[in-house]
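Working notes, structure below.
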Amino acid sequence: MKGLLSIFLIFLAFSAQSQQVTVAGRITASGKGIANASIRILNGVAQATSDSSGFYTIFLPMQGSYTLVAEMVGYESFRKKILAVTTQTLLLDIVLKEAAITVSDVVVTGTLKEVRKMESPVPVEVFTPAFFRKNPTPNIFDALQQVNGVRPQLNCNICNTGDIHINGLEGPYTMVLIDGMPIVSSLSTVYGLSGIPNALIERVEIVKGPASSLYGSEAVGGLINIITKNTAHAARLYADYMHTSWNEKSADLGFAGNPSKKIAVLTGLNGYLYDRPIDKNKDGFTDVTLQKRLSVFQKWSVTRKENRLFSFAARYYHEDRWGGDMRWNKSFRGGDSIYGESIYTSRWELTGQYQLPTREKILYAVSYNSHQQDSRYGTTSYIANQQIFFQQLTWDKKAGIHDLLTGAALRYTYYDDNTPATASADPLNPKNEPQQTWLPGIFVQDEMKIGRQQLLLGLRYDRHSIHGNIITPRIAYKLTLSGNEAIRLNAGTGFRVVNLFTEDHAALTGARKTVIRNELKPERSYNINLNYSKKRITGNGTLIGLEVSVWYTHFSNRIIGDYETNPNEIIYDNLQGYSVSKGITVNTDFSFLNGIKAMAGFTLQDVSLNENGIKTQQILTEKITGTWSVSYKINPWNLAVDYTGNFYGPMRLPLLGPLDPRKPYSPVWSLQNIQFTFSGWKQIAFYGGVKNLLNWTPNKGNPFLIARTHDPFDKKVQYDTNGQIKATTENPYALSFDPTYVYAPNQGRRIFIGIRVSLK
């Protein structure tokens, strides 16, 4: 009998232990219930979501000790250990605190003011260093390949120069800013993007679509604002070194210090070395340009009364790159026996910002850069000197519902090179004297907020010393549907003065003769962009973000390089018609309770040229592109895994004639990467992985990429009486030497390893 009683008592105890436990309460902030907040128990035991009034109920499988977590976008995470020892409901009310604004929450690029990203009437995409570290690269140019709708485009198979495409528009339509200053432009769009130290980047803000009313005539397709670290937030010492199986070596070094109580200094060094010629496609030419690059950056910040801004910075950049025949060395530079493209670049940049000591918020910003380039493209010599001085004064004023911003800007550009073609391109400069242009301008912006609606009106007036008056209006409207859901409508105009010999590398390669048919008129554009964004937490606690944009841009006087009429020429002229860029881009991100984070996006676009009633796809422009990343951290092992990739649809490629055996369109292609990061030590991380997992290179399926590498000086090419290349036994496809057939990096699969050190 006693045995049966013991068994019965044990059964009762086991049943009590296995009884379900209920935890319930209300989640509030500032006295109000918070709907759709996520409540979960660590280690995935249970999860729930609060209702419209903030009430929640969560069921635990058994009695015991648990850690309860409550989360909501815009609020600090709540954690509390609970002890469930009874089958009765455990009451627990939770009060969330509004999260402090983080760096990634604040944007300045859309309106020239610091505002929270969700409150900006202009859609701004923000990317932090953590995003770029998922696929580490030696420079910001390569890092942008992970941003949906943004594509680093290589323009030469030999020297590997490139530019940044936004929504299918070429690099000259993209303005690149550093701390809001137009540092990278014109001549430096080709070579100046590679030497920005990744260690000093706080975040990168991207605006797609024209922003000419605030930033001037170059911001037609969009702009990229690279914001350097605040000296107060920077690590005391940061170092990052990466080495690849192709013998590429890249290093970032940054350190911050305080010479005095009121002065903080941030210093950064960036170096890159690749000096081993590789020719895996066996065409006798280097697959990747050899480079030696050094960049030095220093930024000073001064603490002033009432937190007024005062900072100034300087950067020096030097690069020596060459590509070409595997037998080339510097003794062949500029000669006609062995072909090589050799470019020496030296560059200085100075920037400063000073807030005037007045009651009103008035900010003075100034920048100066000097860019010298000494290049040899085969026997063609291109030596150029460009200097740009920029200053701007802005006044930020709030009056009732109006948030006003007005300012005046002045930009001076000095440009000189050794090409007679520059003189022929400018009818006002027949003697080929240095070009000097002045561009003063004024702008005003009024942002009004009434309830859940915002309206921004902007107007800019510039006076170009050659092209006269330039007026660029802008309008932006935002409707906030909820705290994390909004619709934005933006429209504006753009104006761009074209500098062929500073923006189009193909005009300088020496492989083709540059022909300018008529006096080139400035390009004009009209743009409209509709954007929808939302963040929400699902019933199972998954955080989901969605952003969709639809755009349409109409160009008149578009300047196009014609590669197809004559294989020995690039013919430039204003389009006798119009050009259109339109499309849709979708971005999504997911954060699951099990620790997996994922991002994915795609862009469908149609960039067309319409002339004489005939519509053609713009050359080297894909109709579909996409990016993705999946990250997961195995906490017990302190190991993070990042899988990143992108894909591109077919592009129309520049052929040299009807007999050219290369494919007229590229296939669908993808670059995929995987990385493992071990962070077992707080201040040191080791990482490694594989880039280009699929080993994709553009020579797959093509007989060759660079035409006639065996005769780069066209010594054996024969012409008919009309100056056209003849097909001969030695030249059956009627080709000339040309490196412009390029659409993807020519670098295959490679392993990389690295170490990252950060001392706070």
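So the values come out like this:
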| quantity | calculated |
| --- | --- |
| DSSP-loop chymotrypsin sites (Phe, Trp or Tyr not before Pro) across the range 651-760, with at most 11 other Cβ within 10 angstrom | Trp681 |
| Those aspartates and glutamates that a straight Cα-Cα span of less than 18 Å connects to Lys97, excepting residues fewer than 8 apart in one chain | Glu71, Glu76, Asp105 |
| For the range 448-470 and the range 515-590, distance of Cα centres in Å | 21 Å |
| Unsatisfied cross-links (Cα-Cα over 26 Å) in the set Lys32/Lys117; Lys615/Lys726; Lys80/Lys633; Lys299/Lys361; Lys208/Lys615 | Lys615/Lys726 |
| Asp416-Arg750 pseudo-label distance in nm [points 7 Å out on the Cα-to-Cβ vector] | 3.8 nm |
| Extension reserve of the Val296-Asp93 stretch, reckoned as 0.36 nm per residue once the Cα distance is removed | 67.7 nm |
| Contour excess over end-to-end distance, with Cα ends at Asp336 and Lys521 and 0.36 nm allotted per residue | 63.0 nm |
| Quotient of Cα Rg and 2.2 N^0.38 Å for the chain, N being how many residues it contains | 1.07 |
| Principal axis box of the range 237-297, alpha-carbon based, largest edge first, Å | 60, 17, 11 |
| Within the range 279-310, backbone nitrogen closer than 16 Å to the virtual label 7 Å beyond the Cα of Lys716 toward Cβ | 283-285 |
| All lysines inside 23 Å of Lys282 as judged from Cα atoms, apart from same-chain residues fewer than 8 positions distant | Lys330, Lys663, Lys691, Lys700, Lys715, Lys716 |
| Highest average packing first - 605-617, 264-276, Cβ atoms within 10 Å | 264-276, 605-617 |
| Cβ-based net charge around Ser581, under 11 Å, with every Lys or Arg adding one and every Asp or Glu removing one | +1 |
| Segment Phe389-Ser556, extension gain: residue separation times 0.36 nm, minus the distance between their alpha carbons | 57.2 nm |
| Nearest-ten-degree value, helix 2-17 long axis tilted from longest Cα axis of the chain | 40 degrees |
| Mean Cα-pair separation over length for the chain, i.e. relative contact order, pairs under 8 Å, 6 or more apart, % | 10 percent |
| Sequence of Met62, Met72 once ranked by neighbouring C-beta atoms within 10 Å, starting from the fewest | Met62, Met72 |
| Ordering of 301-309, 132-140, 333-341 by packing [mean C-beta count within 10 Å, highest first] | 132-140, 333-341, 301-309 |
| Where labels lie 7 Å past Cα in the beta-carbon direction, separation of Ser53 and Leu575 in nm | 6.0 nm |
| Three-way shape label, the range 17-95, alpha-carbon gyration tensor, a/c 1.5 | prolate |
| Low-density loop positions, trypsin sites (Lys or Arg not before Pro), the range 633-687 - DSSP coil, at most 13 other Cβ in 10 Å | Lys682 |
| Pair Arg327, Thr303: separation of 7 Å Cα→Cβ label points (nm) | 6.5 nm |
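Bear in mind that the values in this text are calculations on the coordinates, not laboratory data. Quantities reported herein were computed from a predicted structural model and do not represent experimental measurements. Neighbour counts are summed over all protein chains in view; Cβ atoms, including those assigned to glycine, are modelled from backbone coordinates with ideal geometry.
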